[in-house]
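Just so it is clear, none of the values below were taken in a lab; they were calculated from the coordinates. Computed from a predicted structure; not experimentally measured. Don't worry about glycine lacking a Cβ; one is built from the backbone with ideal geometry, like all the others, and counts go over all protein chains shown.
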Amino acid sequence: MDNKPRDETSQTLLDDADFLRLMEAEYKSAKASVDELEKQRSWSDIRKKISTRKTRFHRGLLLVVAVILGFIPFATMMQKPDELAMKGHGPEADVQLEIQLLNAEGRPVTLEKILVGQTLVFKVSSPTASYIALALQIDSAHPEVQFQPERPIAGQDQILAADNQAFVYQLDQSGQTLKFCLLAARTREDLQHKMENLSQQWPRIGAQHCQTLVVP
Amino acid sequence: MMNASGSSVKIEGYQSFMLRTKQHYRDDLMANDQLLSEPEFRLLQNGHEASFRKVYEAYYGLIQYIIQRCGIDHEEKRDLIQETFLKLHTKAHEIRDPAGLKPWLVSCARHLALDYLRKKKHVSLSTPDADHALAQRIDESQEQQEHELEVRLVGHLIEDVCHQEQDDTLKLFYIDGLKAREIAALRGEAVSTVTTRLGRLRQKFRLVFEQQLERLEKGGWHGQ
């Protein structure tokens with residue numbers, strides 16, 4: 001994108017250098033203000049897009065290497081995308097989960113000291129997912145899946161910084177085994193599809209998105 | 001990726017970095033034309049986030065202004081700003097030195113804006129009845145699109161030249177979109193006469209343009 005020299009036959013009034021000089025002069029003269037919130041939102045989007053591109057590239061590269069080396073049979077490649085995703089080969093969203101346990105006074109305590117009356121706070125972020133939901137399964141002997149409502153993710157760092165973006169669960173019974181899983185997707189429709197199919201897929205969900213806690 | 005240890009340290013670092021960058025890098029833009037040092041520039045070319053962030057903080061306002069000035073607003077403006085910086089992230093290795101960074105970025109924003117406007121026009125022209133003549137007109141619209149952008153930016157200067165020279169050839173060519181042969185036919189002149197006159201009027205335009213830049217640098221505003 002170098003500057004093109006202006007020649008006698010050129011019909012362009014402004015070449016790249018003229019354009020730059022004019023825009024800079026106008027911008028400085030106009031003292032145009034910048035919407036800082038919009039600017040930071042845009043930065044989050046850019047980071048997310050870069051991260052998604054890198055993830056896709058690396059996954060693609062790994063997949064190619066794995067197929068070449070014979071780690072993944074070619075037949076696996078021919079399966080439907082949904083089946084691949086469930087087995088961990090597909091475009092699963094990259095999700096980070098931070099769990100905090102708060103006592104009755106709202107002070108953080110370690111997860112080992114879990115008790116009835118305390119509150120679990122799940123803080124989530126993702127560089128690749130746009131929507132996220134938390135599924136809770138209480139007492140695996142009589143499994144019943146509850147969902148905390150799905151919510152959009154604004155950006156990788158914003159969600160951790162904002163208190164209202166955390167999922168919260170109050171521990172109200174002793175002797176419970178809580179299993180919770182994060183579901184994340186790039187679109188709300190994909191996320192709802194995952195939620196609808198969770199009861200069948202529960203045992204097959206990748207362990208990296210799930211954790212189990214026992215309330216004494 | 002389960003991480004029960006929390007990442008509050010990382011977030012605090014990020015927020016303090018943000019506070020520091022907001023004012024500092026904007027001042028940097030005004031004070032120093034070469035934003036990045038040679039080592040920072042090499043880091044940018046290698047995809048280093050801190051250098052990329054520094055460029056973003058410094059030039060976001062200018063790029064936003066340019067895209068808006070090209071007549072693009074709202075969601076499309078946001079998309080094009082992001083696209084400009086994403087292009088920088090992937091193509092920074094094509095820039096020769098730190099001094100070339102800003103011209104590259106501004107040129108990139110300009111061409112992305114032109115592409116957007118061209119495609120928008122293309123879609124509005126593409127009807128089921130589109131025939132060969134229409135397709136040819138779409139090709140011609142690429143050049144026309146650049147003229148339209150120039151009219152948006154410096155149309156008032158074209159008018160000034162016409163007024164000063166008592167000759168509206170420049171206006172007919174750039175603002176009304178007539179070709180040299182069409183102007184020649186309209187005036188009953190030879191095409192070569194019109195093209196010669198256009199050349200002379202472009203030189204006059206250069207003078208008026210430089211005067212406009214001088215006015216802007218002194219703090220005046222003579223734009224739209």
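Loop-located trypsin sites (Lys or Arg not before Pro) in the range B:60-112 (DSSP state not H, G, I, E or B) with no more than 12 neighbouring Cβ atoms inside 10 Å: B:R96.
Judged by the gyration tensor of its Cα atoms, with axes a ≥ b ≥ c, the range B:31-107 is prolate; a/c meets the 1.5 cut and a/b is the larger of a/b and b/c.
A Förster distance of 51 Å, applied to the separation of the beta-carbon atoms of A:D172 and B:E76, puts the FRET efficiency at 0.55.
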